[in-house]
Amino acid sequence: MPWPAGLDTARIAEATFLVEASAKQLFGKDRDSTDAQSGDYMRGKGFHDPSRNPNAYPMTDEVRFPSAVTVRVNGESAGRYDLADDPADHRGILSWHAQRRDHRLREAGS
């Protein structure tokens, strides 16, 4: 990230980087796959993975999908942080509300 124009970096003692991050299950719609769906899965054909649907975003349940993130500053590690899960439920109501109105869900509720 570039410093703001005109900032005297000699007068800066420290800086804070704030980010909101979470882990998430890799859904079928998120995978880079060349497989083509062959038929209607509701009739027993094609993909049997409901998360392949572009509007699928299963809600949080007992199964967690933890991950971790490593933060680097100028190539140096500044820390590694555990990400417990991506709760997709009422706690994500603002991201649900902020969806574009184009008949497609994008990480809704998380």
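Throughout, read-outs are computed from the coordinates displayed, never taken from laboratory work. All values reported here derive from a predicted model rather than from experimental measurement. Here Cβ is always computed from backbone atoms with ideal geometry, including for glycine, and neighbour counts include all displayed protein chains.
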Full-extension gain in nm, ASP30 to ASP8, via 0.36 nm per residue minus C-alpha separation: 3.6 nm
Sequence ranges 67-74, 10-17, 23-30, ranked by mean other-Cβ count within 10 angstrom, highest first: 23-30, 67-74, 10-17
Distance (nanometres) between label positions extended 7 Å along Cα→Cβ at ARG104 and SER77: 3.8
